[in-house]
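Since every read-out is calculated from the coordinates, none of them should be taken as a lab result. In this text the structure is predicted, and so the values were computed from the model without any measurement. Positions of Cβ are backbone-derived with ideal geometry, glycine not excepted, and every protein chain shown enters the neighbour counts.
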Amino acid sequence: MDPGGLIIPISQRRALFVATILVGSFLLFLVQPMVARMALPRLGGAPNVWNSAMVVYQALLLAGYAYAHWLSRMAVRRQAALHLLVLLISATVLPIALYPLASPEAGWEVLWVPLLLVLTVGPVFFAVSAQAPLMQRWFAANPHAGEPWSLYAASNIGSFIGLIAYPLVAEPLLSLHAQSFAWSLGYALLIVLVALAGWSSRRWRGRPDVPFVAEADSSGEPVGWRRVALWLALSAVPSGLMLSTTTHLTTDIFAMPLLWVIPLGLYLLSFVVAFAQRRGLAHALTFAAPAIVLFAGSFAMLSSNTGTLTIAAESCLLLFAIAVALHTRLYDCRPDPAHLTLFYFVMSVGGALGGAFTALVAPVVFDWVWEHPLLVVMAALLLPQPARLDWRGLDDMEPAMARIALGSLLLLAAFLTWLLLDAAVEDGQVIYRVFLTVVLTGVGLMLVPWRWAFVAVLVAMMVAQGGVRTIETSLAGQRTRSYFGVYTVREYPEHRLRLLVHGTTLHGQQSTDPAHSRDVGSYYGPGSGAEIVLDAVPRFYGPRARVGVVGLGTGTLACLAGPEARWTFFEIDRTVLEFSRNGTFTYLSQCTPRANVVIGDARLELEGVKPGSFDVLVIDAFSSDAIPLHLVTQDAIEVYLRALAPDGILLLHISNRYIDLEPVVSAIARAEGVEARIRNNNPYDRLLQTPSSWIAVSRDASRLAALAAMREDARWDRLAPPADRVWTDDHASILPYIRWDKLLGKP
């Protein structure tokens with residue numbers, strides 16, 4: 001009998017540590033989207049908001065790993081006591097609620113977002129993030145326990161489950177208040193498990209008289225700076241690539257709902273594969289990685305705004321292959337378990353550096369998502385070189401023959417790249433283009449023994465597949481990047497047309513012909529809901545009607561204003577306003593030169609206006625292809641209705657490829673007791689006009705009846721049956737309203 005208490009066998013002790021790590025990691029990645037969802041009404045839904053949140057989480061993870069590394073120098077009993085104290089102190093901030101931080105000045109979002117998240121979730125995130133390396137350290141203290149590295153795979157399984165559980169289970173079923181309470185219960189369970197793990201580590205089976213003591217990191221083989229630098233690089237590139245893949249997909253390929261979950265989930269799964277005890281899958285993916293990098297990586301410079309699900313899938317495959325290959329190499333150069341916490345600390349430093357580069361540095365330095373192809377190239381430089389792809393040793397090939405083969409392969413690659421470049425600009429060349437890409441991939445694989453040549457072929461393929469147009473757009477100064485996204489101004493001289501594109505979404509257009517510069521097109525042209533309502537404004541509210549517009553875009557709506565009407569635009573991004581001020585688009589200066597433009601989050605700004613300030617309020621705010629969720633909740637609609645006159649009209653633009661917002665607005669209208677009608681416009685001229693859906697909402701049913709009677713050929717229909725649940729700031733999920741047929745490319 002152990003005088004210290006019951007001894008837990010090794011197998012049961014391993015199960016206890018696995019459970020503790022799984023629960024902690026599950027909570028860690030469940031809290032990330034939960035807090036982001038809480039902050040949505042104040043932050044919006046731009047890709048960089050999520051990237052900034054990820055940087056905060058990586059920084060807190062780094063702090064937690066540093067704390068674990070410092071703590072590991074003590075005896076396990078003392079470690080357990082101190083860590084339990086930290087967990088209990090951090091629990092004083094539960095249940096989690098958004099910190100009441102004052103709103104930022106325009107342009108300071110890049111610093112304000114991280115500060116808000118740190119103040120909201122920092123203490124508990126820090127405490128939970130330390131438990132994975134600590135549990136492995138405590139487990140490894142028993143010399144009979146075996147190597148602890150596979151427990152890191154268990155950690156990432158828990159992280160992955162937590163990540164996907166949020167959009168699939170927690171968000172659809174639970175309000176934010178309930179989510180926070182449930183998370184607090186999970187945190188309490190974690191404290192119990194950590195206490196049990198610490199207690200079980202006091203003594204090990206067979207030597208009950210010997211306490212566990214974590215030796216100082218001086219034991220084991222020495223760790224030099226070159227090895228540490230390699231750990232940093234191998235962890236930084238996949239981390240940065242995970243965020244750049246999210247931005248690249250949502251900016252230039254496929255503005256799919258919940259898309260941010262996929263790259264992060266694949267990133268977490270790569271650790272599961274790379275750190276697993278069974279090495280078969282890790283070695284297989286590492287062997288295939290060069291081919292995947294060449295084929296899928298060739299699309300990394302694509303910015304056509306006409307991406308497909310296929311290219312999006314290739315980008316995700318590219319991320320997964322690179323992450324598995326680099327993390328496998330990281331695992332292969334792991335240190336002795338005595339340096340375990342140092343290893344994880346350096347990994348977290350690399351992850352934070354990669355995230356900071358993508359989320360903080362790149363938006364300031366680059367005008368496009370140039371960090372994405374750059375990180376793909378860096379990954380190609382770091383990929384393990386499979387020995388089976390080094391054919392130079394076959395038949396004792398002489399160095400001179402190898403050089404001749406190298407030159408021949410490079411000439412062949414140059415010729416094929418020239419053909420691919422020509423095929424990429426021609427319509428109807430899809431099969432030929434794929435064929436050339438496959439052949440070039442084969443040639444590139446033959447060049448794997450010469451890493452520089454392999455990377456050169458990859459860069460050439462990137463340029464040929466779409467990089468030329470991307471480079472030309474940047475050199476022409478047609479692209480601008482801000483914290484809220486990438487804006488591209490496209491010129492079509494043959495049609496005398498100029499377009500503003502935000503991510504994958506058209507945000508307005510204007511004729512470059514002075515005689516037609518006031519013509520209204522895109523979503524706002526003749527027959528659209530916006531054109532019908534704003535044309536009726538003088539008749540309904542007089543010549544000096546008060547009109548508010550959320551979302552400036554190109555300023556197209558300005559040319560639907562009456563000469564004496566008083567207009568106010570709300571715009572969150574100064575970059576968008578600059579397009580109107582510098583003459584790129586002239587609707588604002590030509591049609592409403594005296595309009596007031598308010599810079600800031602429209603919902604917050606509208607909360608501060610006097611009740612009844614507007615006769616008509618137009619909500620026309622997009623985040624790439626989606627209206628930010630926080631602008632279409634019941635709480636948001638109540639803000640708009642308060643800002644409207646009693647007989648005013650609220651006009652919501654809900655045009656969207658992938659989300660059906662009509663049942664959502666229908667449910668809110670029923671809950672608020674207001675009338676609502678929808679105008680779906682499908683214009684014949686698709687060059688100058690764009691199909692659109694607008695919903696008119698009013699407390700005064702006679703206003704909408706008069707609106708419907710104005711034109712016989714412009715129907716305003718009743719809304720679709722309302723959703724079962726009303727969207728609120730506390731509870732909303734887009735999952736039930738995703739148009740899966742559109743995501744799958746069906747007509």
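A few comments on the model shown:
- Here each label is just a point 7 Å from Cα along the line to Cβ, and for Asp535 and Leu88 those points are 7.2 nm apart.
- Once backbone amide H atoms are built at 1.01 Å from N, Val549 has Thr568, Phe569, Phe570, Val618 as its partners under 5 Å, excluding neighbours fewer than 5 places away on the same chain.
- Taking θ as phi - 60° and the Karplus parameters 6.51, -1.76 and 1.60, the scalar couplings of the stretch 175-186 work out to 6, 4, 4, 5, 4, 5, 5, 5, 5, 4, 5, x Hz in sequence order, x denoting glycine and proline.
- Full extension of the segment from Gln590 to Leu475, taken as 0.36 nm per residue of separation minus the current Cα-Cα distance, would add 38.5 nm.
- The C-alpha atoms of the chain define a longest principal axis, and helix 225-248 lies at about 30 degrees to it.
- For the chain, Cys with no neighbouring Cys Cβ under 4.7 Å: Cys316, Cys333
- What the phi angles of the stretch 640-653 give under the Karplus curve with 6.51, -1.76 and 1.60, with θ = phi - 60°, is a coupling list of 5, 5, 5, 6, 8, 5, x, 9, x, 10, 9, 10, 10, 8 Hz, glycine and proline written as x.
- Cα gyration tensor, the chain - rounded (a/c under 1.5), prolate or oblate: oblate
- The chain - percent relative contact order, Cα under 8 Å, separation 6 or more: 13
- Angle in degrees between helix 131-140 and the longest Cα principal axis of the chain, rounded to the nearest 10: 10
- Kirkwood hydrodynamic radius of the stretch 421-492, Cα pairs, Å: 14.3
- Residues whose placed amide H lies under 5 Å from that of Trp716, excluding near-sequence neighbours: none
- In degrees, nearest ten, helix 340-356 long axis to first principal axis of the chain (Cα): 20
- Phi-based couplings in Hz for the stretch 540-556 (Karplus 6.51, -1.76, 1.60; Gly and Pro marked x): 7, 10, x, x, 9, 4, 9, 10, x, 10, 9, x, 7, x, 7, x, 4
- Rounded to 5, percent antiparallel among DSSP beta bridges of the chain: 65
- Highest-first packing order for the peptide set 660-669, 530-539, 698-707 is 660-669, 530-539, 698-707, based on the mean count of other beta carbon atoms within 10 Å.
- With the simple spin-label model, which puts each label point 7 Å out from Cα in the Cβ direction, the Asp724 to Arg574 separation comes to 4.7 nm.
- Cβ-Cβ distance of Val192 and Arg657, R₀ of 41 Å, FRET efficiency by 1/(1 + (r/R0)^6): the value works out to about 0.30.
- Charges were assigned to the Cβ only: +1 to each Lys and Arg, -1 to each Asp and Glu. The resulting dipole of the chain about its Cα centre is roughly 1460 debye.
- Residue ranges 460-472, 548-560 sort as 548-560, 460-472 when ordered by packing (mean number of other C-beta atoms within 10 Å per residue, highest first).
- Computed label-point distance, nm, for sites Arg403 and Ala701 using a 7 Å Cα→Cβ extension: 9.0
- Stokes-Einstein D in µm²/s, Kirkwood radius over Cα pairs - the stretch 520-743 at 37 °C with 0.692 mPa s viscosity: 186
- Charge dipole (Cα centre; +1 on Lys/Arg Cβ, -1 on Asp/Glu Cβ; no other charges) of the stretch 520-743 amounts to roughly 420 debye.
- Computed E for Asp685/Ala75 - FRET, C-beta separation, R0 51 angstrom, nearest 0.05: 0.05
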